[in-house]
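Working notes, beginning with the structure itself.
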Amino acid sequence: MLFRPQKIVCIGAGYVGGPTMAVIADRCPDVQVTVLDLNAERIAAWNSDTLPVFEPGLSEVVSRTRGRNLYFRPQAEGLAALAEADIVFISVQTPTKTAGEGAGKASDLQYVEACARLIAEHARGHTIVVEKSTMPVRAAERIQQILSANQAGGTFAVLSNPEFLAEGTAIRDLQQPDRVLIGGEDPAAVVALKSIYASWVASEKILTTGLWSAELSKLAANAFLAQRVSSINSLSALCEQTGAEVSEVATVVGADSRIGPKFLQASVGFGGSCFQKDLLSLIYLCEHHALPEVAAYWQGVVDINEWQKRRFAEAVQQAAVNRRVAVLGLAFKKDTNDFRESAALTVCRALLHSGCEVVAYDPRVDGQRFAAELGNPAQFSLASSAAQALAGAGAVAVLTEWEEFRSIAWASVKLSPGATVCDGRNVVDRAAVQQAGFRLRVIGSAPD
Ligand code: UDX
Ligand code: ADP
């Protein structure tokens with residue numbers, strides 16, 4: 001008879017673990033889902049009305065499920081759930097290593113390894129351990145090693161089930177995924193995990209592969225997406241020189257059904273916790289396996305992105321008619337409160353370094369945390385609205401494509417005379433800026 005898992009635990013209540021488990025609990029009311037985290041403050045937020053992650057639709061899903069079959073617990077209080085779990089997801093961060101072998105490129109697996117040790121110590125009976133975090137290829141081998149070295153009578157099967165959700169559209173991506181990927185060598189474990197997703201995902205969309213293919217596929221998917229952004233961003237610079245318009249070029253190129261229209265939006269540079277980290281992880285793997293040409297190919301995608309952020313920051317500095325720069329948008333994309341690796345971090349650092357005073361506004365990002373990430377510089381301050389940030393500024397840097405930036409009433413904002421609006425997202429109303437008498441620079445368009 002088909003084994004239907006009844007109890008799921010997820011270690012890590014972050015941007016991936018929280019929304020993913022909320023949707024599983026929503027779509028599988030017969031399954032009890034417990035999410036654990038070492039960070040008790042984060043767990044308290046998940047149990048409050050102010051969730052730690054902003055995602056459209058998330059609070060509705062959480063309010064339907066929390067206390068019914070979805071529970072958020074500090075790790076120390078959730079060990080009994082871990083002992084009883086049929087499936088344990090590992091959904092913790094895998095940042096780029098900052099020290100030791102592979103520093104600056106390889107993914108740091110210390111958090112994953114800590115989870116594997118915790119599972120080995122507390123799991124009882126047979127447990128399916130699922131890599132949800134993005135891992136380097138063959139990370140499952142390391143997890144298996146730890147589980148078998150520490151097992152106290154328990155047995156384990158390890159699967160790779162990378163998450164493809166994008167922040168800002170996480171709930172829709174989880175509810176209607178393009179595909180679900182399950183990699184593994186243990187057919188019974190694969191079938192058991194598949195039965196969870198099959199509760200709401202059509203079976204032809206649930207792809208099964210070997211473990212190593214699953215791990216590499218996730219890195220590859222992010223690398224391909226990032227490559228598209230760097231490709232269009234590289235051309236944005238050429239457009240600015242030649243008078244071509246990057247959005248027109250993107251529309252024409254994307255109309256080819258072999259290429260497709262998505263992910264061709266020129267920008268101040270991609271950000272987020274995944275693209276750069278996963279590219280660097282891929283590059284490290286290539287170097288490790290003595291494939292320098294392949295490593296150099298993907299390194300180009302990272303390099304263009306760094307260059308794009310730098311050259312935008314320089315354009316803003318040069319355009320500023322006084323030292324005050326208004327930064328609109330700190331999140332790495334719209335509809336999220338996440339600013340990890342956001343272009344805003346690089347641009348703000350560069351502006352501050354060159355002696356500018358930065359006044360920033362973002363509708364969702366916790367500005368205090370952003371300031372702390374910058375090291376709380378005296379020249380950085382926060383505004384509570386776009387209009388407040390803009391008052392007296394000698395230049396404006398639009399860094400996130402928030403909808404509200406499309407409808408700024410430029411005629412009534414109090415920018416310094418002669419100020420330039422530098423639009424890194426092609427969102428501002430160009431005619432309104434020009435009619436208000438300000439200069440305009442849009443990424444991928446010839447400067448006016
Ligand atoms: C990405 C992948 O899309 C997702 O499948 C994976 O699970 C995690 O990594 P995410 O980083 O949340 O998701 O957001 P995404 O929408 O991919 O955007 C990444 C960055 O690229 C953002 O900074 C975004 O603004 C930028 N971007 C995206 C562009 O600059 N232009 C585009 O055309 C698309
Ligand atoms: P992601 O974007 O991959 O979800 P986040 O950083 O948002 O990454 O979330 C990862 C979560 O995992 C954090 O809340 C962190 O506290 C938690 N975490 C990391 N290591 C452990 C661990 N060993 N046990 C429990 N939780 C952990």
Query - The lone exception for Ala25 - which of (1) in a helix (DSSP H, G or I); (2) within 12 Å of ligand 2 (Cβ to nearest atom) it fails - result: (2)
Query raised in the report: Which of the following residues is at pLDDT 95 or above, open to solvent by less than 10 Å² (accessible area, probe 1.4 Å) and touching a Lys or Arg at 6+ places or on another chain (Cβ under 6 Å): Gly254, Gly269?
Result: Gly269
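Every residue, every condition in (1) open to solvent by 40 Å² or more (accessible area, probe 1.4 Å); (2) in a helix (DSSP H, G or I); (3) more than 29 Å from Lys277 (Cα to Cα), yes or no:
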position: Glu185; (1), (2), (3): yes, no, no
position: Ala192; (1), (2), (3): no, yes, yes
position: Glu204; (1), (2), (3): yes, yes, yes
position: Ser217; (1), (2), (3): yes, yes, no
position: Ala226; (1), (2), (3): no, yes, no
Report task. For segment 359-385, name all the residues that are part of a helix (DSSP H, G or I) and either among the polar types (S, T, N, Q) or out of contact with any helix residue (DSSP H, G or I) (no Cβ under 7 Å at 6 or more places or on another chain) (or both). Result -> Gly367, Gln368, Arg369, Phe370, Ala371, Ala372
Requested in this report: Would you point out the residue of segment 210-224, among those that are more than 16 Å from ligand 2 (Cβ to nearest atom) and among the aliphatic types (A, V, I, L, M), that is nearest to Ala189 (Cα to Cα)?
Outcome: Leu211
Query raised in the report: Among the numbered criteria (1) more than 16 Å from ligand 1 (Cβ to nearest atom); (2) open to solvent by 60 Å² or more (accessible area, probe 1.4 Å); (3) in contact (Cβ under 8 Å) with a residue 12 or more places away in the chain, which single criterion is violated by His353?
Result: (3)
Query raised in the report: If you check Gln144, Gln176, which single one turns out to be more than 13 Å from ligand 1 (Cβ to nearest atom) and under 17 Å from Val23 (Cα atoms)?
Result: Gln176
Query raised in the report: Residues of segment 39-94 being β-branched (Val, Ile, Thr) and more than 27 Å from Ser160 (Cβ to Cβ), which ones?
Result: Thr50
Report task. Scan segment 315-330 residue by residue and report those that are open to solvent by less than 20 Å² (accessible area, probe 1.4 Å) and part of a loop (DSSP other than H, G, I, E, B). Result -> Gly329, Leu330
Report summary line: Log entry, pairs with first residue in segment 281-310 being within 15 Å of Val137 (Cβ to Cβ), second being among the charged types (D, E, K, R) and loosely packed, with under 15 Cβ neighbours inside 10 Å, beta carbons closer than 8 Å, six or more apart or on different chains, reads none
**Report entry** Residue check, Lys262 among the basic types (Lys, Arg), open to solvent by 10 Å² or more (accessible area, probe 1.4 Å), within 16 Å of ligand 2 (Cβ to nearest atom) and not in a helix (DSSP H, G or I)
**Finding:** no
Requested in this report: Identify the residue in segment 28-60 that is in contact with a Leu (Cβ under 8 Å, 6 or more places away or on another chain) and within 17 Å of Arg369 (Cβ to Cβ) and, among all such residues, is farthest from ligand 1 (Cβ to nearest atom).
Outcome: Ala45
Report summary line: Quick count over segment 338-350, residues being open to solvent by 30 Å² or more (accessible area, probe 1.4 Å) and more than 12 Å from ligand 1 (Cβ to nearest atom), is 2
Query raised in the report: Going by the structure shown, is Asn305 in a helix (DSSP H, G or I) and more than 17 Å from Asn376 (Cα to Cα)?
Result: yes
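For (1) in contact with a strand residue (DSSP E or B) (Cβ under 9 Å, 6 or more places away or on another chain); (2) within 22 Å of Val442 (Cβ to Cβ); (3) within 16 Å of ligand 2 (Cβ to nearest atom); (4) not assigned by TED's automatic domain parsing to the domain that holds Gln434, each residue gets a yes or a no:
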| residue | (1), (2), (3), (4) |
| --- | --- |
| Leu352 | yes, no, no, no |
| Gly355 | no, no, no, no |
| Leu382 | yes, no, no, no |
| Ala389 | yes, yes, no, no |
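The values are calculated or read from the model by the stated rules, or taken from the named source; none is laboratory data. Everything quoted here is computed from the prediction, not taken from an experiment. All Cβ positions, glycine included, derive from the backbone under ideal geometry; neighbour counts span all protein chains shown. Note: areas computed on protein heavy atoms with side chains; ligands, DNA, RNA excluded. Shrake-Rupley method; radii C 1.70, N 1.55, O 1.52, S 1.80 Å.
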